[in-house]
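The values are calculated or read from the model by the stated rules, or taken from the named source; none is laboratory data. Because the structure is a prediction, the values reported are computed rather than measured. Don't worry about glycine lacking a Cβ; one is built from the backbone with ideal geometry, like all the others, and counts go over all protein chains shown.
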Amino acid sequence: MEYLQIEGKQRINGKVKVNGAKNAAVAILPAALLTEESVRIGNLPRITDIDKLVKILEALGAKVSFTEERYLHIDSSDIYDLPPPPSLVNKFRASYYLMGVLLGRFGRVEIPMPGGCDLGPRPIDQHIKGFTALGAEVELDHGLVKITANKLRGAHIYLDVVSVGATINIMLAAVKAEGKTIIENVAKEPEIVDVANFLNAMGGHVVGAGTDVIKIQGVSELGSAEHTVIPDRIEAGTFMIAAAATGGEALITDVIPKHLDPVIAKLKEVGIILETGTDWIKVKGNNKLSSTDVKTFPYPGFPTDLQAPMMVLLTQVPGTSYLTENVFEGRFRHVGELKKMGARIKLGGRTAIIEGGHELVSAPIRATDLRGGAAFIIAGLVSCGDTILTGVEHIDRGYEDIEIRLRQLGVNLKRKTANGEIFPGK
Ligand code: UD1
């Protein structure tokens with residue numbers, strides 16, 4: 001079992017480059033199956049969700065190779081019309097994109113319900129609503145989703161819930177449907193724009209991504225393309241919050257600062273000093289911080305994926321802060337572990353009330369989801385003593401070599417097993 005040993009009372013001080021966005025990459029890789037020609041995708045993060053997707057693509061018969069660092073070449077000219085391997089699909093949420101893609105390619109797909117972080121109920125009714133509107137029949141059978149369509153036809157779809165996954169999945173299914181699809185009340189996350197750009201690079205006609213209405217004129221075929229994945233705003237935000245919480249300084253490069261506007265605004269409100277350039281963000285801690293009120297919302301609101309890291313920062317801010325989770329109702333599982341470290345947090349429905357400005361103390365803690373895990377690393381860095389953090393596999397799903405990247409930021413943490421330290425890549 002791997003764990004992280006995190007030295008406490010450390011300050012971030014250094015520079016780090018942001019990798020490609022997980023949530024864009026996990027849709028772009030499957031989208032490559034929509035064409036019979038080859039595609040080349042750059043700036044891929046080397047995270048375990050991507051490893052699983054590569055294995056799924058290979059199991060479906062695609063020829064996949066990393067041509068040079070972070071470039072993936074995918075040739076899906078000759079893939080099988082088979083169900084993707086359930087043992088891999090079960091392990092991560094974004095496997096749901098195989099529904100839209102295989103439906104678009106073969107007119108049918110049979111796939112288990114997706115796995116992923118336990119953030120409370122995570123229905124896929126809006127995905128299904130979209131596929132049905134496009135003319136597919138969807139059957140749920142003992143945890144299996146069976147979707148078939150003789151022909152997909154463009155439709156006018158109004159989503160009941162603003163959903164990143166449903167927006168992308170319907171886009172994927174509709175890009176080769178006959179006629180025009182209009183999807184209203186869609187999510188506006190930058191990753192959706194990135195996926196739309198990739199579809200268009202392959203010859204699709206998708207307009208409006210990044211606004212709340214997306215219009216797709218179906219095309220009969222898609223061709224080859226080359227695409228570079230956008231920087232991961234959540235990874236960047238995690239490093240920013242780590243610098244802020246430890247009272248340190250970080251230069252975060254290869255980032256699109258605009259994508260972090262809601263995070264920058266909130267950190268400034270707390271009293272953190274921030275400077276931005278065309279593709280970098282400089283963060284500087286401050287010892288005069290003010291408590292605040294944070295509410296998560298779909299983009300351009302404060303991202304739910306940074307709620308847990310932000311909570312750790314707020315434990316270090318004197319006074320009472322309020323953090324309301326509006327996107328996932330069950331996304332407070334990190335609170336119990338933070339309380340074990342001495343955090344003073346009370347939960348009232350969807351709001352966490354944080355009495356900040358008290359020292360955290362190290363404790364053995366366990367990550368049970370990706371972003372909660374990242375938050376625990378930050379908690380370990382600010383606390384007194386060494387923290388042992390297990391459940392690292394959750395963090396590896398979305399952060400590449402987290403301990404190496406944080407060491408570049410000047411802090412000391414080690415990945416270990418009972419047999420000693422592990423050095424990734426060696
Ligand atoms: C994606 C991201 C995740 C992020 C989340 C919100 C990926 C792979 N994951 O997750 O990191 O935290 O967006 O920014 O991109 N909902 C329904 N019915 C549906 C779909 C969603 O009720 O059919 C609800 C969800 O339960 C949730 C809300 O809509 O309350 C938003 O979920 P959604 O945007 O779909 O999240 P994911 O796509 O799963």
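Miscellaneous remarks
- If you check Asp305, Asp261 for being surrounded by fewer than 20 Cβ atoms within 10 Å (Cβ to Cβ), in contact (Cβ under 8 Å) with a residue 24 or more places away in the chain and in a helix (DSSP H, G or I), only one passes: Asp261.
- Pairs where the first residue, in the range 162-189, is touching a residue at least 60 places away in the same chain (Cβ under 8 Å) and outside the structural domain of Gln126 (by TED's automatic domain parsing) and the second is β-branched (Val, Ile, Thr) and away from the ligand (no atom under 13 Å from the Cβ), C-beta under 6 Å, 6+ apart: none
- Selection status of Val193, outside the structural domain of Pro298 (by TED's automatic domain parsing), modelled with pLDDT under 95 and not in a loop (DSSP other than H, G, I, E, B): no
- Qualifying residue in the range 58-69 (condition: outside any strand (DSSP E or B), away from the ligand (no atom under 16 Å from the Cβ), of a type in the set (D, E, K, R) and assigned by TED's automatic domain parsing to the domain that holds Gly380): no
- Residue under evaluation Ile183, criteria (1) in contact with a helix residue (DSSP H, G or I) (Cβ under 8 Å, 6 or more places away or on another chain); (2) within 12 Å of the ligand (Cβ to nearest atom), criterion not met: (2)
- Selection status of Val39, in contact (Cβ under 8 Å) with a residue 24 or more places away in the chain and in the same structural domain as Glu137 (by TED's automatic domain parsing): yes
- Residue identified as touching a residue at least 40 places away in the same chain (Cβ under 8 Å) and more than 12 Å from the ligand (Cβ to nearest atom) among Arg93, Arg105: Arg105
- In the set Lys268, Lys295, Lys288, only one residue is assigned to a strand (DSSP E or B), among the charged types (D, E, K, R) and surrounded by fewer than 23 Cβ atoms within 10 Å (Cβ to Cβ); that residue is Lys295.
- Only one of the numbered conditions (1) among the aliphatic types (A, V, I, L, M); (2) away from the ligand (no atom under 16 Å from the Cβ); (3) surrounded by fewer than 23 Cβ atoms within 10 Å (Cβ to Cβ) is not met by Met113, and that is (2).
- All of Ala31, Ala62, Ala25, Ala21 fail the test of being out of contact with any Phe, Trp or Tyr (no Cβ under 8 Å at 6 or more places or on another chain) and farther than 30 Å from Arg366 by Cβ, apart from Ala62.
- Of all residues making up the range 223-247, the number that are outside any strand (DSSP E or B) and within 16 Å of the ligand (Cβ to nearest atom): 10
- Criterion violated by Ile216 - all others in (1) touching a strand residue (DSSP E or B) at 6+ places or on another chain (Cβ under 8 Å); (2) part of a loop (DSSP other than H, G, I, E, B) satisfied: (2)
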